[in-house]
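Below is one structure, written out as structure tokens, with a few remarks after it.
The values are calculated or read from the model by the stated rules, or taken from the named source; none is laboratory data. Only a predicted model underlies this, so the values are computations on that prediction, with no experimental measurement involved. Because the Cβ atoms are built from the backbone with ideal geometry, glycine has one as well, and the counts that use them run over all protein chains shown.
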Amino acid sequence: MKLLRIFSDKNFKNVRFNERFNVVLATIQDKVNKKDTHNLGKTSLIHVINFLLLDRFEKNKGLLSDSGFIGQTFYLEVQLNNGKYLIIKRSINVASKISFKVNEIELSSFIPPTNWDEVDIPFDEAKEKLNEYLEFDVLTKWPYRKAITYFLRTQQDYLDVFQLNKFKGKHIDWKPFVFELLGFDGDLIKRKLSLEQEAKDIKNRINTLEQDAKISIDEKDKLLVLLITKKQEKMKAEQTIDKFDFFMQDKSISKDIIEDLDFRIQILNTDKYRIGYEISKTEESLRKSKNTINVQKLKQLFDDVQLYFPDKLGKQYEDLEKFNKSISEERRKFLKENLIELKKELDIIDAELKDLEKSKSEKLSFLTEKDTYTKFKTYQKQLSVLEAEIENLKGKLELISKSVSLENDIKIIDEKIDESIKNIENAISQSSHAEINKIFNELLTEIVGTNAIIWLKQNSQGNVEFQAEYANPIDNSYTSEAEGTPYKKLLCMAFNLALLIHYSKNSFFRFVYHDGIIEGLDNRIKIRLLNKIKSICNTYNIQHIITLIDSDIPVQNDNSSYSFTTDEICLELNDLNDDGKLFMRSF
């Protein structure tokens with residue numbers, strides 16, 4: 001699929017793309033004021049193309065959300081891989097409704113069709129329809145939108161060769177796709193990551209069970225012993241009630257009061273005093289903690305005594321200020337969390353003290369109670385409490401059994417994850433990306449004069465990491481060239497072209513758009529790059545669109561500027577007036 005023309009019903013410089021090499025050229029003609037060419041629209045064109053290829057549109061976000069686009073409609077004509085021509089219509093006002101028209105021949109002008117095959121179909125349905133029109137025979141498990149932004153590279157998409165700016169979420173959203181893009185089975189990674197998510201979900205369920213029921217799997221034996229004890233107490237209480245043996249109950253209660261209750265109350269009061277003291281000290285620390293470094297005041301002090309305050313020193317103090325602030329924030333966070341836990345613990349102690357005092361009062365009252373029937377009713381209440389406690393323990397043991405079952409499920413999933421890791425390892429060893437890697441290296445070796453490689457590895461969790469690096473030709477060690485932005489761009493560009501060349505005999509994208517690809521490069525590299533791009537376009541029938549400003553045009557050995565033919569320049573922008581801008585107006 002290639003781009004042929006893009007146009008609009010108002011305020012837009014219509015574009016007719018060439019089938020091979022294309023240049024979007026922004027020129028500074030006002031040499032006096034030297035206006036910013038980056039505002040002329042050479043990058044904005046990518047966003048319009050992406051909009052017409054059905055990127056999701058948000059009314060309050062992005063370039064086209066500007067009020068100046070209200071009521072505007074855009075059109076894109078593409079050449080399908082089956083030789084037919086598809087026109088896409090999308091308006092800003094009703095961006096969720098898309099129209100399509102398929103023609104046997106190309107449009108002859110920038111006039112849209114009067115009759116459409118599909119009119120104002122809903123957005124999600126339109127994406128499926130466009131996927132059908134494209135008829136890609138590679139990456140068939142993935143919608144065309146998954147790959148499109150690899151071939152529409154803005155400045156923000158040069159930060160990483162594989163993980164584009166839009167793929168900042170979970171690994172499962174992009175790693176399986178990239179794995180498959182390189183020739184492997186993406187389902188291998190998808191299965192592993194899905195299993196890990198499943199195990200994580202089960203662990204969360206276990207944690208929820210333990211927190212809600214206030215249990216731990218490790219306490220199973222303890223609860224079993226408590227259950228046996230409570231059953232014994234229940235049996236004894238039932239026997240006592242049956243025999244109406246109040247003497248043993250009175251004896252037991254007297255011992256409780258003398259030997260147990262007072263001692264437990266004393267211990268809890270000691271803990272209450274200790275925790276109260278810790279809360280007081282913690283609150284005092286929170287009140288006193290503050291940042292002691294003020295760079296602005298420090299600069300003012302240097303100014304007052306007429307001493308030079310070096311920028312580097314200011315930067316160091318600012319870094320120190322940030323460091324101290326982060327330490328202070330971490331400490332305050334810890335203190336606040338600790339304070340919450342201490343207050344919770346104090347609440348628990350207060351509640352337990354209240355219960356113990358109440359129990360003590362009731363038991364003392366019981367010993368002085370002369371009414372035999374009242375005592376009988378009290379024993380019945382105790383029996384009811386025991387029965388409730390037994391049911392509670394049974395419920396907790398049931399939840400523990402469920403948690404144990406879930407733990408066993410996790411063990412089974414972990415075994416499947418280990419198997420997936422081995423399958424991924426075996427797949428990587430097959431080097432299915434060898435042909436793409438070969439093309440990638442040849443491109444950069446010819447352009448930059450340095451070897452470059454795409455390689456995959458598994459990290460400590462068995463997840464795949466994708467790497468694209470320049471390599472020392474002597475020992476294949478990593479070089480630092482990839483750390484510079486211009487050379488990072490070249491890695492991204494070479495990856496895109498390697499993919500297009502590799503899949504050039506398939507039904508797939510046959511175009512790529514690179515914004516500012518030659519900025520910051522040496523003249524010799526620029527010339528080799530431009531010549532190589534043209535050669536690739538002709539050899540493999542690929543459409544390559546680049547944007548550049550006139551000051552980035554390389555100078556050749558004879559001191560003449562590298563020249564582009566009229567056919568190669570698909571769009572010229574300038575800063576003389578609004579007519580020279582893509583949207584024929586200023587923002």
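Some notes on this structure:
- Close contacts from the range 486-497, counting a first residue that is free of Cβ contacts under 8 Å to residues at least 12 places away in the same chain and a second that is in a helix (DSSP H, G or I), with Cβ to Cβ under 8 Å and a gap of 6+ residues or different chains, come to none at all.
- Count - residues of the range 87-144 that are touching a Leu at 6+ places or on another chain (Cβ under 6 Å) and hydroxyl-bearing (Ser, Thr, Tyr): 2
- For Thr547: the one exception among (1) of a type outside the set (Gly, Ala, Ser); (2) more than 22 Å from Phe151 (Cα to Cα); (3) touching a Leu at 6+ places or on another chain (Cβ under 8 Å): (2)
- Restricting the search to strands (runs of 3 or more DSSP E) fully inside the range 74-193 and requiring at least 1 residues that are in contact with a Gly (Cβ under 9 Å, 6 or more places away or on another chain) gives 85-91.
- Hey, Ile70 of a type in the set (A, V, I, L, M) and either without any contact (Cβ under 8 Å) to a residue 12 or more places away in the chain or more than 24 Å from Lys146 (Cβ to Cβ) (or both) or not: yes
Rundown of residues vs (1) under 25 Å from Gly516 (Cβ atoms); (2) surrounded by 17 or more Cβ atoms within 10 Å (Cβ to Cβ); (3) of a type in the set (A, V, I, L, M), yes/no style:
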residue: Asp124; (1), (2), (3): no, no, no
residue: Glu132; (1), (2), (3): no, no, no
residue: Phe136; (1), (2), (3): no, yes, no
residue: Lys146; (1), (2), (3): yes, yes, no
residue: Gln156; (1), (2), (3): yes, no, no
residue: Phe162; (1), (2), (3): yes, yes, no
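- Residue pairs whose Cβ atoms lie under 7 Å apart, sitting 6 or more positions apart in sequence or on different chains, and linking a residue in the range 396-425 that is more than 23 Å from Arg191 (Cβ to Cβ) to a partner that is not in a helix (DSSP H, G or I), are Lys396/Ile215; Leu399/Ile215; Ile400/Ile215.
This table checks each residue for (1) basic (Lys, Arg); (2) surrounded by 13 or more Cβ atoms within 10 Å (Cβ to Cβ); (3) more than 11 Å from Ile400 (Cα to Cα); (4) at pLDDT 75 or above.
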site	(1), (2), (3), (4)
Ile206	no, yes, no, yes
Glu210	no, yes, no, no
Asp218	no, no, no, no
Val225	no, no, yes, yes
Glu238	no, yes, yes, no
Phe244	no, no, yes, no
Met248	no, no, yes, no
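- Residue that is modelled with the highest pLDDT, among those in the range 407-463 that are among the hydrophobic types (A, V, I, L, M, F, W, C) and exposed (fewer than 14 other Cβ atoms within 10 Å of the Cβ): Ala434
- Qualifying residue in the range 87-109 (condition: among the hydroxyl-bearing types (Ser, Thr, Tyr) and surrounded by 18 or more Cβ atoms within 10 Å (Cβ to Cβ)): yes
- Options Ile447, Ile436, Ile410; residue that is over 29 Å from Ser535 (Cα atoms), assigned to a helix (DSSP H, G or I) and among the β-branched types (Val, Ile, Thr): Ile410
- Top-ranked residue in the range 56-81 [being surrounded by 18 or more Cβ atoms within 10 Å (Cβ to Cβ) and at pLDDT below 95; ranked as nearest to Gln156 (Cα to Cα)]: Leu64
- There is at least one residue in the range 108-119 that is at pLDDT 95 or above and among the charged types (D, E, K, R).
- Scanning the range 464-481 for residues that are under 25 Å from Gln155 (Cβ atoms) and either at pLDDT 90 or above or basic (Lys, Arg) (or both) yields a count of 6.
Residue-by-condition table, conditions (1) modelled with pLDDT under 85; (2) of a type outside the set (Ser, Thr, Tyr); (3) part of a loop (DSSP other than H, G, I, E, B):
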| residue | (1), (2), (3) |
| --- | --- |
| Asn11 | no, yes, yes |
| Asn18 | no, yes, yes |
| Val23 | no, yes, no |
| Asn33 | yes, yes, yes |
| Lys42 | no, yes, yes |
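- Lone unmet requirement of (1) modelled with pLDDT of 95 or more; (2) within 23 Å of the chain's Cα centre (by Cα) for Asn165: (1)
- In the range 48-67, residue nearest to Thr114 (Cα to Cα) [restricted to those that are in contact (Cβ under 8 Å) with a residue 12 or more places away in the chain and not in a loop (DSSP other than H, G, I, E, B)]: Leu52
- Qualifying residue in the range 174-185 (condition: of a type in the set (Lys, Arg) and at pLDDT 80 or above): yes
- Complete set of residues in the range 509-533 that are closer than 15 Å to Leu444 by Cα and charged (D, E, K, R): Asp522, Arg524, Lys526, Arg528, Lys532
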